[in-house]
Amino acid sequence: MSLLRHTALQIKEKIISREIQATKLVGQVFEWIKYIEPKIQAFITLNEKGALEKAAEIDKKIENRQKVGLLAGIPIAVKDNICTKSLNTTCASKILQNFIPPYDAFVVNRLKEEDAIIIGKTNLDEFAMGSSTENSGYKITRNPWNQNCVPGGSSGGSAAAVAANFAFLALGSDTGGSVRQPAALCGVVGVKPTYGRVSRYGLIAFGSSLDQIGTFTRDVKDAALLLHAIAGYDSYDSTSTQVSVPEYSDGIEGGTGGLRIGIPKEYFAEGLNTEVRDAVKSALKIYERLGAKFVELSLPHTEYAVAVYYIIANAEASSNLARYDGVKYGYRTGESRGIIDMYCRTRSEGFGNEVKRRIMLGNYALSSGYYDAYYLKASKVRTLIKSDFDAAFEKVDCIICPTSPVPAFKIGERANNPLEMYLSDIYTIPANLAGIPGISIPCGFSKAGLPIGMQILTRHFEEKKMLQIAYAFERETDFHLKKPVLKGSTV
Ligand code: GLN
């Protein structure tokens, strides 16, 4: 098996035992990226020089028998809305085209401390607004399983990088599904932790009460490893929590005997693709065989989730994006007549259409006279959505449902229909509104050979249990072992 197909844990083992050198591995990674990336377009910036330097540092440490970090020598990709010191961070927006952060995000700092090797910054929908990565201001990322299809979004570049064997691990951000949905569409494992579990310091803000950094990996054990490395309290993020971080890998093989699984009827209703439904239903049979019990549930406010999300997320975005004014950093228009004209031109030229649409919707929802009818009302319904989950978790240990209502769709198919695009997140948005953790794991393939993902949700801070439940399924199946067939580009 090619080295690049290993899991992060396997590759770390080989590096630590000196079976391979980190520098050799990084060389192979970039060779593969140069060959295949023209077809996939997962990255905005590659960090070959920085990666080779870090790899040499790790090789030296190992040679000298010095202590190495949890992620020693593992090549990782980072979504381009997470700040990396001295390395461009564009948020896939023209408005941040030449932005080089003077600091590292908390999570990037953790990666460096744990000796991971950052190989590049991945493509996304501009400011993480989208579900297909088609809204990037730079390029469209393609799904490694079928290059006419989207990889999902907004963290499409990170999902594609892991699926295409460019990176063993990747980081993304999930405001309404942007880790779990692309993970499902690219056939990899995606985790959105509890709100507050991972510091948002250095994550470029979209919807601050919803944003959470998450992980992309090839399997569940790698997810436990990466989450352990990035979770924990950070005084620089006022919403970060002091809850201690458990050892996520410990007891991951614990099994699921006696597990009560909630099946919410609203998540299996109209609009769900039949192949996705069948794959998730078959997956449930495996849990049944493992001794789990099912409880039919209702989460009655689910139908309002998408509407509530698009009021709250856009309201927060309109405020967060006010800082891009051409003064402090980023793009500034060439010519203007006075300061107001400069702001207008800078923002008109710097932002793409989807971002503009959201700023306008958000400002509208927050404007006096409409605040009560939209933002305040949405905040109240958000509480009801959270209460639905609280009530459900009185009866069950976890909830299982599809991650996305459809497998990967064709590039361009939904690009001109924002409403249809927004509905891609119907099953992922409620977890962000409630702040609970969620994981998407591969659970099947469509007839056309596209991956299908299944979502597992648990109570706040129960990531450990969530990973254990996910692993119990993964151990019984081989969906996560399948790889897309990628041939070199002729370009
Ligand atoms: N697709 C959703 C949106 O467009 C979620 C994005 C995200 O999670 N960043 O807002």
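Computed from the coordinates by the stated procedures, all read-outs in this text should not be read as laboratory data. As the structure is a prediction and not an experimental result, all values here were calculated from the model. Because the Cβ atoms are built from the backbone with ideal geometry, glycine has one as well, and the counts that use them run over all protein chains shown.
Residues of the range 428-448 being within 12 Å of the ligand (Cβ to nearest atom) and either basic (Lys, Arg) or closer than 16 Å to Ala183 by Cβ (or both), which ones?
Thr428, Ile429, Ala431, Asn432, Gly438
Hand me the list of helices (runs of 4 or more DSSP H) wholly inside the range 335-441 holding 3 or more residues that are over 23 Å from the mean Cα position of the chain (by Cα).
338-350, 353-366, 377-395
Just the residues that are under 13 Å from Ile119 (Cα atoms), more than 15 Å from the chain's Cα centre (by Cα) and of a type in the set (Phe, Trp, Tyr), please, taken from the range 141-168.
Within the range 141-168, Phe166 is the sole residue that qualifies.
Return the residues of the range 201-235 that are of a type in the set (Asp, Glu) and either over 24 Å from Phe473 (Cβ atoms) or within 16 Å of the ligand (Cβ to nearest atom) (or both); say none if nothing qualifies.
Asp211, Asp234
Take the range 121-179 and flag every residue that is more than 9 Å from the ligand (Cβ to nearest atom), touching a Ser or Thr at 6+ places or on another chain (Cβ under 9 Å) and of a type in the set (A, V, I, L, M).
Ile140, Val150, Ala159, Ala160, Ala161, Val162, Ala167, Leu169, Ala170, Leu171, listed by residue number.
Of all residues in the range 237-262, how many are among the small types (Gly, Ala, Ser) and closer than 16 Å to Glu463 by Cα?
Final tally of qualifying residues: 6.
Tell me which residues, restricted to the range 202-225, are within 19 Å of Ala431 (Cβ to Cβ) and touching a strand residue (DSSP E or B) at 6+ places or on another chain (Cβ under 8 Å).
Correct list: Leu203, Phe206, Asp211, Gln212, Ile213, Gly214, Thr215, Phe216, Thr217, Val220, Ala223.
Suppose we filter the range 107-151 for residues that are within 21 Å of Asp237 (Cβ to Cβ), part of a loop (DSSP other than H, G, I, E, B) and out of contact with any strand residue (DSSP E or B) (no Cβ under 9 Å at 6 or more places or on another chain); how many remain?
1
Keeping to the range 185-233, report how many residues are outside any loop (DSSP other than H, G, I, E, B), farther than 23 Å from Thr89 by Cα and more than 14 Å from the chain's Cα centre (by Cα).
6
What pairs come up if the first residue lies in the range 322-342 and is free of Cβ contacts under 8 Å to residues at least 24 places away in the same chain and farther than 16 Å from Ile359 by Cβ, the second is part of a loop (DSSP other than H, G, I, E, B) and among the β-branched types (Val, Ile, Thr), and their beta carbons are under 7 Å apart, counting only those six or more places apart or on different chains?
Met342/Thr333
Considering only the range 349-386, how many residues are among the basic types (Lys, Arg), away from the ligand (no atom under 16 Å from the Cβ) and surrounded by 14 or more Cβ atoms within 10 Å (Cβ to Cβ)?
So the count comes out to 2.
Regarding Ala183, is this residue more than 13 Å from the ligand (Cβ to nearest atom), farther than 22 Å from Ala317 by Cα and in contact (Cβ under 8 Å) with a residue 40 or more places away in the chain?
Here the answer is no, as Ala183 does not meet what is asked.
Picking from Asn165, Asn146, which residue would you name as being of a type outside the set (Gly, Ala, Ser) and out of contact with any helix residue (DSSP H, G or I) (no Cβ under 6 Å at 6 or more places or on another chain)?
Testing whether each residue is of a type outside the set (Gly, Ala, Ser) and out of contact with any helix residue (DSSP H, G or I) (no Cβ under 6 Å at 6 or more places or on another chain) leaves just Asn146.
In the range 408-419, what residues are more than 12 Å from the ligand (Cβ to nearest atom) and charged (D, E, K, R)?
Within the range 408-419, Lys410, Glu413 meet the criteria.
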